[in-house]
Each structure stands twice: as structure tokens, then as C-alpha cells.
Amino acid sequence: MGPQDREILRLAVPAFFALVSEPLMLLADSAIVGHLGTPQLAALGIAGTILQTLVGICVFLAYGTTSAVARRIGAGDHRGALAQGIDGLWLALLLGVVLAIAGLLLSPAAIAAFDPSPDVADHAVIYLRISCFGIPSMLLLMAATGVLRGLQDTKTPMVVAISANLVNIGLNVLLVYGLDLDIAGSALGTALAQTAAGVALVVVVVRGARRDGAKLRPDRPGILASAQMGIPLIVRTLTLRVALILLTFVATALGTTSVAAHQVAFTLWSFLALALDAIAIAAQALTGRALGAGDVAGTRAITRRMMWWGLVSGFVGGLALWGLRDIYVPWFTTDPEVRRTLAAVLIVAALWQPVNGVVFVLDGVLIGAGDGPYLAVAGVIALVLYVPLALSVLWFDGGIVALWWAFGGFMLLRLLTLITRERTDAWLVTGATR
């Protein structure tokens, strides 16, 4: 293992554990709320989906900030890097306040769009409205995480994420059962834990800015530049979310057995994606730093190495998904038909994992290079071609296995657009800013 490999692992391993902490927090909330009753658990599912969508669209606060900060670090401008990070924090706060107010006002209408039963709707509105107070902190947490990743530090976000997870469990148990606050206690506990995590990381960034003499006050041009940089990444994120929503929509239309098998397969696919996303985060930080330093050859070298890591990680993940399916499939269902369907779907999902590995890495590389406009266009192209592919499964009654082949086609389309870009020099823009 060479120096490049060690540096990739130094960033990717802590990033992986930080990423894993988020679904574990959701699982803990589900376990605690689930014991309150079915209406509360259903309400958590609906409100959580809305909340995750609102926050997920703003993931550019982490990705864009990582790229911008890493470039300045590579150029030797540590003060400028932290000033760029502070601009990202102010943008996160502004967006967080706007989304929180919108969420408070529109919660009943958003919940009603899912057409739940009255008791489920009441619980969902309560959960979503309380959670809205935590949105500013959640976005600040994203932006601060992006700053620290750009500074080549993924350990601090990992420690804070794991700590927040433990605090969340404790607060949820105390508020839900100790103080008998029902589902409101879960929402409040999670919001408080996320607020504590956001404050902790913001304090780390602010201390670093003060130490280097970077400005802390709002800088209008800097905030606007951060927002403008985020627009293409929002488009990219939306194309991915639409593709995943379409996948679930078609799976649901195929019947109960199909959607049950799909749900388990997608959960496993998402977990493997966390490992690949951790390498992509390392790619963002290392690519931005190398281009900031004007090292085109080094950027090429680290990109090829990370592509290798993505390919191998995808191959290993796919092998585990395929080879161990007889062991873990029975954990998820006792229905023989669902088991057979799930086992067939998992073979297809496993075969596409090496492709996924390279896609995730190249996505991270181009984000780190600040190549958001191309990623937005590439995402739209892949989505436009994928939609008829997915819908054709319904038109020709292809079944859930055919649907997962179609979804693999979407990932292949993404790979082709990303590989095409990687082989050019257009994204290799050097300097402290793009």
C-alpha cells in the first residue's frame, strides 16, 4: 500500500463511520417510536421522508464547501479557506431558517399529500413541526462538515456524529418514555442531538477561523458565490432522487411481493453505497487540494488510484451481496416467495456494484474539481434516458428483476458520462478558485 492509498484510507474510513451514524440514528428513532404504536411509526416514516428530502437537497452545502476549501488549502491560502468555509456556514444558516419557516407553515399540507389516516396525519404533523426547529442546525452541521473535509479532517466529524447518535438515543428514551412525550419526544430529542452536533462543529470551524485571522461576519459576495456554486449540485442531486423515487414507484406498481423484495434490496444497496460514498468524500478533498496546488499530474494519479479503490470496493461488496445472500435473506422475511424474489434481485444488484464503485468515485472527483455544471447536465442526460427504460418494465410486465437491470442501466449511463469527462482536460482547472 503506497502513500496515496494511506491518504485515501485516512480520509475515507472516518468518513464511512460518520456516514453510517446517520442511518443508525434513523433506525434508533424507528425502534423507539415503533413501540409507541403503528400510527406513530407510520407517522415517523412520512415525516422523516419529507424532512430527509428537504435536507438532502441541501447536500451541496457539504460537497461544494469541501471543494472550495480544499482548493484554497492546496493553494496554501489557509485563511482564505476558512473564510470560504464561514461563507458556507452563513449560507447554511440562512437556508435553514427559510426551510424551517416553510416547514412549520406547510407541514399539514405536506403530510396530507401522502393521504394518511387522520391519527397518522396528526402524529406526523407534530413530528415534522418540531423537527423543523432543528433544520438550521442540520444544515450548519452539513456545511461545517464540508469545511473540515476540505481541511482534510474527517475524524472530527466522525467523533461528533457518533457522539450525536449516542446522545440521540439517550434523549429519545428519556423524552419518549421517561417524560411520556410520545412521538413529540422523539422529534425533540433528535432535534436537540442534531443541534448539539451542529454547534460543536461550528465551534471547531470558528476557532480555526479566529486562529488564522479569517473574517467571521457575513460577506454578501462570498455567500452569493457559495449559493451560485451550489445550484448545479442541487440539479445533480435532484436527478438522483427522481431516479430513486421512480425505482420505488415502479416496484410498488409491480405488486406487494415485488415492493417487499425491492425494499430489502434497496436497503442493502444503500448500505454498500455508504462505503463507496466514503471514498467519494476522500476524492472530493484530495482532488480539490491537488488542483488548488496546480498539480495536474498528481490529480490524474490520485484519480486513477481512487477509481481502482472504487472498482475493488464495488467488487468486494458485490461478492458479499451475492455470496452471503442465503445467510442474510432469511433475516428480513419469512415469506418464501419474497425470499426467492429477493435472492434474484440481489444477484443483479451484486453484478452492478463494480460499476457503482467507479461512478461514486468519479462523482466525488468532479465535485472536488468544482465541475458542478457538467455533473448537472450529465445527471439530466442519464435521467432522461433512464425514465423510459424504467417505465418499459411496467409496459412489458418485466418484473422486479428487470427493473433492477434497468436501474443498473441508469448507473451505467452515469458511468459513461463521467468517464467521458474524466478522459478530457476540461475539468482540470487549477488555482485557489475555479
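The values are calculated or read from the model by the stated rules, or taken from the named source; none is laboratory data. Values in this document were obtained by computation on a predicted structure and should not be read as measured data. A quick note on method: Cβ atoms are made from the backbone with ideal geometry, for glycine too, and the neighbour counts reach across all protein chains shown. These area figures cover heavy atoms from the full protein model, side chains too; ligands, DNA and RNA do not enter into them. Shrake-Rupley method; radii C 1.70, N 1.55, O 1.52, S 1.80 Å.
Listed here are the residues, each with its yes/no results for (1) out of contact with any Ser or Thr (no Cβ under 8 Å at 6 or more places or on another chain); (2) open to solvent by 70 Å² or more (accessible area, probe 1.4 Å); (3) not assigned by the TED database to the domain that holds Ala75.
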residue	(1), (2), (3)
Leu291	no, no, yes
Arg300	yes, no, yes
Trp309	yes, no, yes
Val316	yes, yes, yes
Ala320	yes, no, yes
Asp326	yes, yes, yes
Asp335	no, no, yes
Note to self: Looking at Arg210, Arg220, can you tell me which residue is charged (D, E, K, R), under 26 Å from Leu54 (Cα atoms) and surrounded by fewer than 16 Cβ atoms within 10 Å (Cβ to Cβ)?
What the structure shows: Arg220
Notebook entry, point to check: Can you spot a residue in region 15-22 that is in a helix (DSSP H, G or I), modelled with pLDDT under 85, surrounded by fewer than 18 Cβ atoms within 10 Å (Cβ to Cβ) and assigned by the TED database to the domain that holds Gly96?
Noted result: yes
Notebook entry, point to check: Condition test on Ala426, is it open to solvent by less than 10 Å² (accessible area, probe 1.4 Å) and either in contact with a Ser or Thr (Cβ under 7 Å, 6 or more places away or on another chain) or assigned to a loop (DSSP other than H, G, I, E, B) (or both)?
Noted result: no
Checklist line | Which listed residue is of a type outside the set (Gly, Ala, Ser) and in contact with an Asp or Glu (Cβ under 6 Å, 6 or more places away or on another chain), from Trp404, Trp427, Trp395 | finding: Trp427
Check: Which residue out of Val204, Val250, Val176 is of a type outside the set (Gly, Ala, Ser), in contact (Cβ under 8 Å) with a residue 12 or more places away in the chain and closer than 22 Å to Leu26 by Cβ?
Finding: Val176
Item checked: Residue satisfying condition, being touching a Pro at 6+ places or on another chain (Cβ under 6 Å), open to solvent by less than 20 Å² (accessible area, probe 1.4 Å) and part of a helix (DSSP H, G or I), within set Val147, Val120 -> Val120
Checklist line | Subset of region 257-269 (residues that are open to solvent by 40 Å² or more (accessible area, probe 1.4 Å) and among the polar types (S, T, N, Q)) | finding: Gln263, Thr267
Margin query: over 29 Å from Ala301 (Cβ atoms) and either in contact (Cβ under 8 Å) with a residue 24 or more places away in the chain or not in a helix (DSSP H, G or I) (or both): is that true of Thr66 in this structure?
Written below: no
Checklist line | Enumeration of residues in region 69-106 that are free of Cβ contacts under 8 Å to residues at least 60 places away in the same chain and over 15 Å from Val147 (Cα atoms) | finding: Leu95, Gly96, Val97, Val98, Leu99, Ala100, Ile101, Ala102, Gly103, Leu104, Leu105, Leu106
Note to self: Can you tell me which of (1) surrounded by fewer than 17 Cβ atoms within 10 Å (Cβ to Cβ); (2) in contact with a Leu (Cβ under 6 Å, 6 or more places away or on another chain); (3) hydrophobic (A, V, I, L, M, F, W, C) is the one Ile135 doesn't meet?
What the structure shows: (1)
Note to self: If I filter region 242-255 down to residues being in contact with a helix residue (DSSP H, G or I) (Cβ under 9 Å, 6 or more places away or on another chain) and of a type in the set (Val, Ile, Thr), which single residue comes out as farthest from Leu346 (Cα to Cα)?
What the structure shows: Val242
Notebook entry, point to check: Restricting attention to region 341-364, does a residue exist that is part of a loop (DSSP other than H, G, I, E, B), at pLDDT below 95 and not aromatic (Phe, Trp, Tyr)?
Noted result: no
Next item on the list: Assess whether Asp5 counts as being of a type in the set (Asp, Glu), open to solvent by less than 40 Å² (accessible area, probe 1.4 Å) and at pLDDT 85 or above.
Entry: yes
Margin query: List pairs: first residue in region 353-366 and at negative phi, second residue of a type in the set (Phe, Trp, Tyr) and open to solvent by 10 Å² or more (accessible area, probe 1.4 Å) anywhere in the structure, Cβ distance under 8 angstrom, at least six positions apart or on different chains.
Written below: Gln353/Phe315; Pro354/Phe315; Gly357/Trp309; Gly357/Phe315; Val361/Trp309; Leu366/Tyr374
Next item on the list: Considering only region 166-195, state which residues are within 21 Å of the chain's Cα centre (by Cα) and surrounded by fewer than 18 Cβ atoms within 10 Å (Cβ to Cβ).
Entry: Leu166
Check: Can you tell me which of Thr287, Thr239 is buried (at least 21 other Cβ atoms within 10 Å of the Cβ), more than 18 Å from the chain's Cα centre (by Cα) and part of a helix (DSSP H, G or I)?
Finding: Thr287
